[in-house]
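Novice: Before I ask anything, let me first share the structure, which is written out below as structure tokens.
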Amino acid sequence: MHPAFSVIFFTTASGAGYGLLALLGVLGPAGVIPAERWFGLAALALALGAVSLGLLSSTFHLGHPERAWRALTQWRSSWLSREGVAAIVTYAPAGLFAIGWVFLERNDGLWGFFGVGTAMMSAVTVGCTAMIYRSLKPIHQWHNGFVLPAYLALALVTGALWLNALLHLFGLGHWAVTATALAATAAGWAIKAAYWWFIDTNAAISTPNTATGLRTGRVRLIDAPHTEDNYLLKEMGYRVARKHAAKLRLVAHGTAFALPLVLTAATAALPPVLAAGAALLAAASVSLGVVVERWLFFAEARHAVTLYYGAEAA
Amino acid sequence: MAHGGPAGEEEVIDTSPVVGDEVKYTTCYMCACRCGIKVYLRDGKVRYIQGNREHPVNRGVLCAKGSSGIMQHYSPARLRKPLKRVGERGKGEFVEIEWEEALSLAAEWLGEIRRTDPRRLAFFTGRDQSQSLTGWWATQFGTPNYAAHGGFCSVNMAAGGLYSVGGSFWEFGEPDWKRTKYFMMFGVTEDHDSNPIKIGLGHLKTRGAKFVSVNPVKTGYSAIADEWVGIRPGTDGLFVMALIHELLKAGKVDLDYLVRYTNLPWLVIQAPGTEDDGLFARDEAGNPLCWDGEKQAPVSALLPEVKPALVGDFTLPDGRAATPAFRLMAERYLDPRYAPERVASTTGVPADTIRRIAAELAHVAFEEEIVLNVPWTDWAGRRHSKMIGRPVAMHAMRGISAHSNGFHTCRAIHTLQVLLGSIEVPGGFRYKPPFPKPVPPAQKPAGKVGEVRPDTPLPGPPLGFPMGPEDLLIEADGRARRIDKAYSWEAPLASHGLMHMVITNAWKGDPYRIDTLFLYMANMSWNSSMNTAGVMSMLTDKCPNSGKSKIPHIIYSDAYFSEMVAYADLVLPDTTYLERWDCISLLDRPICHADGPADAIRHPVVAPDRDVRSFQEVLLDLGARLGLPGMVDADGGPKYPGGYPDYLANHERAPGLGPLAGWRGVDGRKHGRGEPNPDQLQRYVEHQSFWHYELPDGQKYYKMANKDYLEYATTMGFIGKPDQIVMHVYSEVLQKFRNAARGHGTIQPPDSERARIEAYFDPLPIWYVPFEEAAVDARSFPLHALTQRPMFMYHSWGSQNAWLRQIMNRNRLYMHRAKAASLGIADGDWVWVTSHHSRVKCQVKLVEGVNVDTVWTWNAIGKRSGAWALDPDAPEAKQGFLLNHVISELLPPREDGFRYSNSDPVTGQAAWFDLKVRVERCADAEFGETAPQFPTLRKPPGLPDTPKVSRFGAEFRKARTAG
Amino acid sequence: MTTLPAATQKKLGLVIDLDICVGCHACVTNCKEWNTGGHMAPLTDLKPYGAGVDGVWFNRVHTFEVSVGDDCRTVHFPKSCLHCETPACVTVCPTGASYKRSEDGIVLVDESKCIGCKLCSWACPYGAREFDTDAGVMKKCTLCIDRIYNENLDEVDRVPACVATCPAGARHFGDLGDPTSPVSRLVQERGGYDLMPEIGYKPTNKYLPPRPRRTRSQQIGAPEVLEPAGNGDRLLQWVDKLLSR
Ligand SMILES: Nc1nc2c(c(=O)[nH]1)N[C@H]1C(S)=C(S)[C@@H](COP(=O)(O)OP(=O)(O)OC[C@H]3O[C@@H](n4cnc5c(=O)[nH]c(N)nc54)[C@H](O)[C@@H]3O)O[C@H]1N2
Ligand SMILES: Nc1nc2c(c(=O)[nH]1)N[C@H]1C(S)=C(S)[C@@H](COP(=O)(O)OP(=O)(O)OC[C@H]3O[C@@H](n4cnc5c(=O)[nH]c(N)nc54)[C@H](O)[C@@H]3O)O[C@H]1N2
Ligand code: SF4
Ligand code: SF4
Ligand code: SF4
Ligand code: SF4
Ligand code: SF4
Ligand SMILES: [Mo]
């Protein structure tokens, strides 16, 4: 699949934002993070900003952004529609939660309840995003059980690492957050590793034989219907070279997981200023790492339509 | 149920839009197939073109090209105004001029030629569908140097058929699609019968008939064949002779048919060393003789009630020995050298396969005979209660013709058909009227010594069918009289001319210099020439002394900015096929099918939006300016002031015979022969632009010997008299040439040509190694290289079409996977393809479905940069390639250095498919762009900028929603 | 609405005979020609006369080779929207632009609602949807909805453009929901099949497989070889009889 920048930016930014929102919504009421106004302003602004920018950017690749409101209408069947609805719905508890935190410096009680609501809606929204991909049967690399957990986990990883960095910046570092970040990163790494193992070892159910119904032997494309690339090939025919993908996976392993793990672990041992630096670095690293991961998520995905264009496997 | 969004807004679909505000019927010209089309217009714009269901050619269907007519008609490459060259020839520097200036300039050049030596005009027309007009014009002008594209196209098929069975493959005959049970197709990707063949194959396959395709390449039709015979190119003759061998050996031959309809019972004089050797024994009246087995005496072979012997040695009354032609034929092909196992390795067809196909042919022909209870009367007036059919049909085209042994191979296929009794019988191969014609047709080529004179028409048409050396167009010393050397010793039966040699010969001044090359609808500086790069330089070459062009004037009529335009001094922009009157005449290449004659017109369905004129119109105008007889009236004014439509309705070729056969006579009640009808064209327009007559059932088969049909054909002017048309398996015409080569008669070939004439003018079909293959080293050039026509492109003119070029705008060289592996070539690699002449660089595509010793590519996808109003970096120019660059118009030199043209020695047919090459992977650094490349052509003045986005059709939708 | 109708009154679709298709692309360009001025007009072409030309088409023909050596078959393979019974291209659509008609099962895009998110094209394994970059909306085969019911056309012409034009007669149109319809019978007789059944969209269009080749003489009831009618000098003995003209 063609790795469109706007979609990559959207899913990474909104994923991080929702991860952050969710953690704030849970860890605030849980008393791990104090209802400190300036921290709250920064964290919530970052989270909601990332989410909103992401959502905005997702409309850039639309043919008719001015009609984007229509995308909210088909929640009964469409994960994309559900995602949109969920995203908008999330603003309600998140807004109230933010009012409590920033204006009233409260994140407990009723305000905490909004936090938990925000967290739940964030998870739902990220889940919907994941399900957009997870539900697409023609794409083996998406239509599998690892996609939903990976999306959720990666949102959590980025959110946690961003949160950890913010807390350190405000001098509010907390072992529980560090632990959460470490645990999320480890889990995310495991899920993503499992995902890669899965797509490397499992073939798509569709083959050139099933695509054409010609089953007497190997099916090879002799002439495509057009000698130049068309929409289908530009959108769905994208192929990343194996070697290139392997390199990028290494980068993703390193920047999204390994480095953040080390840096985050280090924050526990380092003096505050250095710890803040390490936490910031971890957050930056994971942000880059997830962009790379997301790029690969598209680039490594092969659409069944390519079977009609000479792909031996999808 | 409501569809749509929350507000329940459901989409309102107009399921009954009005397609057009006007509907007009005319004839397609995206190719030469001449299908009927129904054109929907909306606000004067072409909205949709669909096949005409009533039309005898396409019966409602339309091919990929025809369906893209809109983009052809609105092509940005359309020429807009007459152009006069101002810069160097070939540089594409033109100014726009008015028609008056263009026509008077042309008339000035041509007038001077006609007043001095009309031969200095070479008038050659390519994809011409108005040859009855262009040929007549040349005749009236007085130049013999006229031909259309047939010589480089498929004259081997035309001549092979017309000198054998009085009809031919090409589009002049067709399989009995409805009834055949076994269909063999040789070397066809498309043919001129583009849609009829597809319709036919669909029916035939649905009925469960067996379809065998003999073709080195398995694409298109071959892909759906029940059996694909991946023969080695140029060896079909041998394959067919092996089939004949098997049939003869088994006695599976329709003797009754041979005796009734062919010249195989005729007695051939056996008198070696004499001038009559090999000719037919004749009585005083000139009738051929056969040996009556009952009377035990020679009798006229044309009498109905004879019992001719097919074998035996007989003595003629004058004491000479004679034997039936059948016997000579049978002995030849029974020779063990035609045994399947002997031809297997040369043809690449396993012996078992050959034996089996022979057995299948015999089985279907003789065991699955079909009988129609349709009474008919034979030529001798005998009634027959039924029609017996041998349901084996064959069709062949350029895979046979485009080889230097194609004439004989074509004759071999006809021989096989005849032996099976399957020509013009139910289930067999059928003639389309106006065929069959006498073998060969009676018309002889004009242009002999004394027949070409200043200011004088030729005494007859420039093209025809020689019956012997006396009909050649040669000087007393044997040199050619035509610029293309047609009807010379180099190509004696060149009944369509040799268009592929015109430029080379004119440049050389061999046999003489010409003044003006007048071309119409032929892309001679590109895909219709061999040695394309050489041709381009010949067109621009100048005499070192005078500084004048070797070919002083070039006038060209094209409708589009083709590669050829840049080489013209004067460009006459034509209309598109939707803008003009045209006539698809019975005098020419009509739309008949086997059930009856038909002809058609085109009429303007949209008015030109440019300053263009139809070429026919221009030709008549020039004719009038030149004062050509038949084109001016008594006062010297134009005979057809109404232009081409005036000519179509009022011109008479012979009394009562005109370009169009329908609605003749003052009241329009006659067809075929009748006085001109002033309303004739109106009748055509009312009748969907075609006329069709269905023969009564009793005339639909055995046309060569069917009394009622022959009489009808005579009244229609198809044939001179209603005599039986006897098929000539044994060709006396060829033997006459051979005897001349052996030193008999007054007209003999020069010594240098004797051996060649003797060898290739065998009265029975022969097979020989194609010339290029024989001349080049097999190790240096081990592979055959072919082209095929893509079904969705017409030669060069499809690529300007915004839709068609999206299907293919670059071509690859297809190669067998195993062969590529042995050469270290991988799929997608770039390679050099080298012939004895030149080399091209291109990209390969590996496949299974091709003869291992063969590579091939699609024809004419490669374009010159800038041509056809395409962007200079269009893939057609940068990744597409033209195989023509490596095909030479000349064979490697003979011992004395003389180079024959790369043609069939009998007909002069261009031997495109004799090409032998080697293929080598090129260096990685050379990947990416094809070679050779030529300087980008400059767009002529007046052509519009091409759009970056085409939203064709949006306006129709707007119009719909608005109204 | 992007929820699928529970059932459709008809299942209109195409049946494509791979045994007869010669790969001529007539259905491809006739479809383009009809539809570029039709219901979804225009079928925009980008850079129509340049490098990288790219346009919207509803029907495309691929050419495949199956197997190797003597068994190898070349198969021309036309492909357009299969008007699936349970296609996710409809259900994924967030706007309601994609829908399946309950009366005849035709899958359509309502351009006025489409936001051009392209998701439906991702959901289609068959590559039947093509995005019109210029118009910013998704386009696809309409099964010629503006022909098949068109009262301004002659009755015989009320079939999809691709069907009407196919020179080889390899395309058939009809109601595949009616087991007695000619198309359903054809599918029955010839073993018509679904593309990518494993995806579970239940395509309405069916493909008729290429028939097995017939390269053995018994298949047409003929002998394997012909028996010689004589031998040596007597090879032509069978000719020596009295024939009349
Ligand atoms: N390698 C290779 N070369 C071949 C062949 C092959 O098989 N292989 N085939 C050969 C054969 S059989 C043939 S017939 C030739 C064909 O070759 P050409 O006769 O050159 O055919 P085209 O390229 O179709 O078109 C000729 C010209 O007609 C112009 N034209 C189109 N429509 C009109 C019109 O309405 N009016 C006028 N005035 N001009 C128009 C086009 O713009 C084009 O320039 O190619 C030959 N060349
Ligand atoms: N779509 C389309 N239709 C056209 C044309 C076009 O350009 N496009 N051009 C028109 C013209 S001008 C013509 S002349 C006709 C020609 O119509 P075809 O005769 O169909 O023309 P080609 O494409 O040259 O096909 C020649 C075939 O012969 C095969 N072949 C080559 N050598 C041999 C051989 O030695 N033996 C056998 N058995 N086969 C061999 C090739 O593989 C190829 O399949 O088509 C006409 N129709
Ligand atoms: S075969 Fe196609 S291009 Fe040729 S005349 Fe017929 S419809 Fe037109
Ligand atoms: S028009 Fe018919 S034969 Fe031609 S490609 Fe389409 S389905 Fe095949
Ligand atoms: S073929 Fe594709 S676009 Fe058509 S209905 Fe099926 S899934 Fe949807
Ligand atoms: S591109 Fe249009 S039709 Fe397709 S899913 Fe998006 S909104 Fe629906
Ligand atoms: S049914 Fe109509 S829209 Fe669909 S492929 Fe055929 S011609 Fe095109
Ligand atoms: Mo031709």
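Novice: Can you tell me which residue among C:51, C:6, C:41 is more than 19 Å from residue A:307 (Cβ to Cβ), facing chain A (nearest Cβ under 9 Å) and assigned to a loop (DSSP other than H, G, I, E, B)?
Specialist: Working: C:6 fails: facing chain A (nearest Cβ under 9 Å); C:41 fails: facing chain A (nearest Cβ under 9 Å).
Matching residue, one of C:51, C:6, C:41: C:51.
Novice: Looking at region C:225-236, I want the residues that are at the interface with another protein chain (Cβ under 7 Å from one of its Cβ atoms) and have a partner that is of a type in the set (S, T, N, Q) and open to solvent by less than 70 Å² (accessible area, probe 1.4 Å) with Cβ atoms under 9 Å, at least 6 apart or on another chain. Which pairs are those?
Specialist: Sorted first by the residue in region C:225-236, then by its partner, the pairs are C:225/C:217.
Novice: Check region B:416-429 and report whether any residue there is farther than 30 Å from residue B:627 by Cβ and either open to solvent by 30 Å² or more (accessible area, probe 1.4 Å) or of a type in the set (Lys, Arg) (or both).
Specialist: Within region B:416-429, the first condition is being farther than 30 Å from residue B:627 by Cβ, and the residues that meet it are B:416-429.
From the residues that got through so far, the ones that are either open to solvent by 30 Å² or more (accessible area, probe 1.4 Å) or of a type in the set (Lys, Arg) (or both) too are none.
For region B:416-429, residues farther than 30 Å from residue B:627 by Cβ and either open to solvent by 30 Å² or more (accessible area, probe 1.4 Å) or of a type in the set (Lys, Arg) (or both): absent.
Novice: Select from region B:491-510 the residues that are open to solvent by 10 Å² or more (accessible area, probe 1.4 Å) and closer than 22 Å to residue B:164 by Cβ and list them in ascending order.
Specialist: Hit for region B:491-510 is B:496, nothing else.
Novice: So in region C:78-120, with the set limited to residues that are more than 7 Å from every other protein chain (Cβ to nearest Cβ) and β-branched (Val, Ile, Thr), which one is nearest to residue A:7 (Cα to Cα)?
Specialist: C:90
Novice: Oh, and also: Under 6 Å by Cβ, and 6 or more places apart or on different chains, what pairs join a residue from region C:19-48 that is hydroxyl-bearing (Ser, Thr, Tyr) with one that is open to solvent by less than 10 Å² (accessible area, probe 1.4 Å) and not in a loop (DSSP other than H, G, I, E, B)?
Specialist: What qualifies is C:29/B:67; C:29/B:68; C:44/C:132.
Quick grid of which residues meet (1) more than 16 Å from ligand 6 (Cβ to nearest atom); (2) outside any helix (DSSP H, G or I); (3) under 25 Å from residue B:347 (Cβ atoms):
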{"position": "B:179", "(1), (2), (3)": "yes, yes, no"}
{"position": "B:183", "(1), (2), (3)": "yes, yes, yes"}
{"position": "B:202", "(1), (2), (3)": "yes, no, no"}
{"position": "B:228", "(1), (2), (3)": "yes, yes, yes"}
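Novice: Name the residue, out of A:98, A:50, that is within 18 Å of the chain's Cα centre (by Cα), more than 14 Å from chain C (Cβ to nearest Cβ), free of Cβ contacts under 8 Å to residues at least 60 places away in the same chain and buried (at least 16 other Cβ atoms within 10 Å of the Cβ). Show your work before the answer.
Specialist: Numbers: A:98 fails: within 18 Å of the chain's Cα centre (by Cα).
None of the other options fit; the residue is A:50.
Novice: Here is a list: B:59, B:120, B:85, B:127. Which entry is open to solvent by 10 Å² or more (accessible area, probe 1.4 Å) and within 16 Å of ligand 4 (Cβ to nearest atom)? Steps first, answer last, please.
Specialist: On the way: B:120 fails: within 16 Å of ligand 4 (Cβ to nearest atom); B:85 fails: within 16 Å of ligand 4 (Cβ to nearest atom); B:127 fails: within 16 Å of ligand 4 (Cβ to nearest atom).
From the options B:59, B:120, B:85, B:127, the qualifying one is B:59.
Novice: For the structure I just gave you, tell me whether residue B:115 is farther than 20 Å from residue B:542 by Cβ and either touching a residue at least 24 places away in the same chain (Cβ under 8 Å) or in a strand (DSSP E or B) (or both). Lay out the reasoning, then the answer.
Specialist: Values: farther than 20 Å from residue B:542 by Cβ: yes; either touching a residue at least 24 places away in the same chain (Cβ under 8 Å) or in a strand (DSSP E or B) (or both): yes.
In short, yes.
Novice: Take residue B:45 and tell me if it is open to solvent by 10 Å² or more (accessible area, probe 1.4 Å), of a type in the set (D, E, K, R) and facing chain C (nearest Cβ under 10 Å).
Specialist: Details: open to solvent by 10 Å² or more (accessible area, probe 1.4 Å): yes; of a type in the set (D, E, K, R): yes; facing chain C (nearest Cβ under 10 Å): yes.
It is true that residue B:45 is open to solvent by 10 Å² or more (accessible area, probe 1.4 Å), of a type in the set (D, E, K, R) and facing chain C (nearest Cβ under 10 Å).
Novice: Restricting to region B:34-61, name every residue that is of a type outside the set (Val, Ile, Thr), under 11 Å from residue B:199 (Cβ atoms) and within 16 Å of ligand 2 (Cβ to nearest atom).
Specialist: B:35, B:51, B:58, listed by residue number.
Novice: Name the one entry in C:15, C:22 that is away from ligand 3 (no atom under 16 Å from the Cβ), open to solvent by less than 10 Å² (accessible area, probe 1.4 Å), under 13 Å from the mean Cα position of the chain (by Cα) and more than 9 Å from chain A (Cβ to nearest Cβ).
Specialist: Values: C:22 fails: away from ligand 3 (no atom under 16 Å from the Cβ).
Answer to the check: C:15.
Novice: So, one more: Need a quick list: strands (runs of 3 or more DSSP E) entirely within region B:541-652 having at least 2 residues that are closer than 30 Å to residue B:702 by Cβ and at pLDDT 95 or above.
Specialist: Details: elements: B:553-558, B:570-573, B:582-584, B:598-602.
Filter on region B:541-652 gives B:598-602.
Novice: Name the helices (runs of 4 or more DSSP H) wholly within region B:291-396 that hold at least 3 residues that are within 11 Å of another protein chain (Cβ to nearest Cβ)? Let's see the steps before the verdict.
Specialist: Numbers: elements: B:325-334, B:340-347, B:351-362.
Helices (runs of 4 or more DSSP H) meeting the threshold: B:325-334, B:351-362.
Novice: Residue C:96 - would you say it is touching an Asp or Glu at 6+ places or on another chain (Cβ under 8 Å), on the phi > 0 side of the Ramachandran plot and near ligand 5 (Cβ under 10 Å from one of its atoms)? It would help to see each step written out before you state the result.
Specialist: Details: touching an Asp or Glu at 6+ places or on another chain (Cβ under 8 Å): yes; on the phi > 0 side of the Ramachandran plot: yes; near ligand 5 (Cβ under 10 Å from one of its atoms): no.
Taking the combined requirement at face value, the residue does not satisfy it.
Novice: Starting from region B:859-883, keep only residues that are more than 14 Å from chain C (Cβ to nearest Cβ), then list their pairs with residues that are among the acidic types (Asp, Glu) whose Cβ atoms are within a distance under 6 Å, requiring at least 6 positions of separation or different chains.
Specialist: Going by the 6 Å Cβ cut-off, the qualifying pairs are B:864/B:563.
Novice: One residue is enough: does region B:921-936 have a residue meeting the conditions over 30 Å from residue B:567 (Cβ atoms), in contact with an Asp or Glu (Cβ under 7 Å, 6 or more places away or on another chain) and either open to solvent by 60 Å² or more (accessible area, probe 1.4 Å) or hydroxyl-bearing (Ser, Thr, Tyr) (or both)?
Specialist: Filtering region B:921-936 down to residues over 30 Å from residue B:567 (Cβ atoms) leaves B:921-925, B:927.
Now restrict to residues that are in contact with an Asp or Glu (Cβ under 7 Å, 6 or more places away or on another chain): B:921.
Checking the rest, the ones that are also either open to solvent by 60 Å² or more (accessible area, probe 1.4 Å) or hydroxyl-bearing (Ser, Thr, Tyr) (or both) come to B:921.
Yes, region B:921-936 has at least one match.
Novice: Right, next: Here are the criteria: (1) more than 27 Å from residue B:882 (Cα to Cα); (2) within 22 Å of the chain's Cα centre (by Cα); (3) of a type outside the set (Ser, Thr, Tyr); (4) open to solvent by 20 Å² or more (accessible area, probe 1.4 Å). Tell me which single one residue B:485 does not satisfy.
Specialist: For residue B:485, the exception is condition (1).
Novice: Does any residue of region B:430-439 turn out to be more than 21 Å from the chain's Cα centre (by Cα) and among the β-branched types (Val, Ile, Thr)? Walk me through how you get there before you give the answer.
Specialist: So in region B:430-439, the residues more than 21 Å from the chain's Cα centre (by Cα) come out as none.
No - not one qualifying residue is present in region B:430-439.
Novice: Still on this structure, I have one more. Among (1) away from chain A (no Cβ under 14 Å); (2) within 16 Å of ligand 3 (Cβ to nearest atom), which single condition is residue C:179 missing?
Specialist: Of everything listed in (1) away from chain A (no Cβ under 14 Å); (2) within 16 Å of ligand 3 (Cβ to nearest atom), residue C:179 misses just condition (2).
Novice: If only one of C:96, C:105, C:177, C:127 is in contact with a Lys or Arg (Cβ under 9 Å, 6 or more places away or on another chain), within 25 Å of residue A:225 (Cα to Cα) and away from ligand 8 (no atom under 16 Å from the Cβ), which one is it? First the steps, then the outcome.
Specialist: Values: C:96 fails: within 25 Å of residue A:225 (Cα to Cα); C:105 fails: within 25 Å of residue A:225 (Cα to Cα); C:177 fails: within 25 Å of residue A:225 (Cα to Cα).
After applying the criteria, what remains is C:127.
Novice: Please go through (1) without any contact (Cβ under 8 Å) to a residue 12 or more places away in the chain; (2) under 19 Å from residue A:303 (Cβ atoms); (3) outside any loop (DSSP other than H, G, I, E, B) for residue A:243 and return the number of the only condition it doesn't satisfy.
Specialist: The number of the failed condition is (2).
Novice: Between B:236, B:254, B:176, B:191, which is more than 10 Å from chain C (Cβ to nearest Cβ) and at pLDDT below 95? It would help to see each step written out before you state the result.
Specialist: Values: B:236 fails: at pLDDT below 95; B:254 fails: at pLDDT below 95; B:176 fails: at pLDDT below 95.
Just one listed residue meets the conditions, B:191.
Novice: While we're on this one: If you go through region B:294-311 one residue at a time, do you hit one that is closer than 30 Å to residue C:225 by Cβ and open to solvent by 10 Å² or more (accessible area, probe 1.4 Å)? Give the derivation first.
Specialist: Of all residues in region B:294-311, those closer than 30 Å to residue C:225 by Cβ come to B:309-311.
Imposing the further condition that a residue be open to solvent by 10 Å² or more (accessible area, probe 1.4 Å) reduces the set to B:309, B:311.
So far as region B:294-311 goes, yes, one or more of its residues are closer than 30 Å to residue C:225 by Cβ and open to solvent by 10 Å² or more (accessible area, probe 1.4 Å).
Novice: Can you tell me which of B:77, B:102 is away from ligand 2 (no atom under 16 Å from the Cβ), over 16 Å from residue B:604 (Cβ atoms), open to solvent by less than 10 Å² (accessible area, probe 1.4 Å) and within 9 Å of chain C (Cβ to nearest Cβ)?
Specialist: Details: B:102 fails: within 9 Å of chain C (Cβ to nearest Cβ).
Selected residue: B:77, the only one of B:77, B:102 that is away from ligand 2 (no atom under 16 Å from the Cβ), over 16 Å from residue B:604 (Cβ atoms), open to solvent by less than 10 Å² (accessible area, probe 1.4 Å) and within 9 Å of chain C (Cβ to nearest Cβ).
Novice: So, in region C:143-174, of the ones that are open to solvent by 30 Å² or more (accessible area, probe 1.4 Å) and farther than 24 Å from residue B:960 by Cα, which residue ends up nearest to the other protein chains (Cβ to nearest Cβ)?
Specialist: The qualifying residue nearest to the other protein chains (Cβ to nearest Cβ) is C:169.
Novice: I would also like to ask the following. So which residues in region B:430-452 are on the phi > 0 side of the Ramachandran plot and open to solvent by less than 10 Å² (accessible area, probe 1.4 Å)?
Specialist: Taking region B:430-452 and keeping what is on the phi > 0 side of the Ramachandran plot, we get B:447, B:450.
The answer is B:447, and nothing else.
The values are calculated or read from the model by the stated rules, or taken from the named source; none is laboratory data. This one's a predicted model, so the numbers in the text were calculated from it and none came from an experiment. Methodologically, a virtual Cβ is constructed for each residue, glycine included, from the backbone with ideal geometry; neighbour enumeration extends over all protein chains shown. Surface accessibility is based on the protein's heavy atoms, side chains included, excluding ligands, DNA and RNA. Shrake-Rupley method; radii C 1.70, N 1.55, O 1.52, S 1.80 Å.
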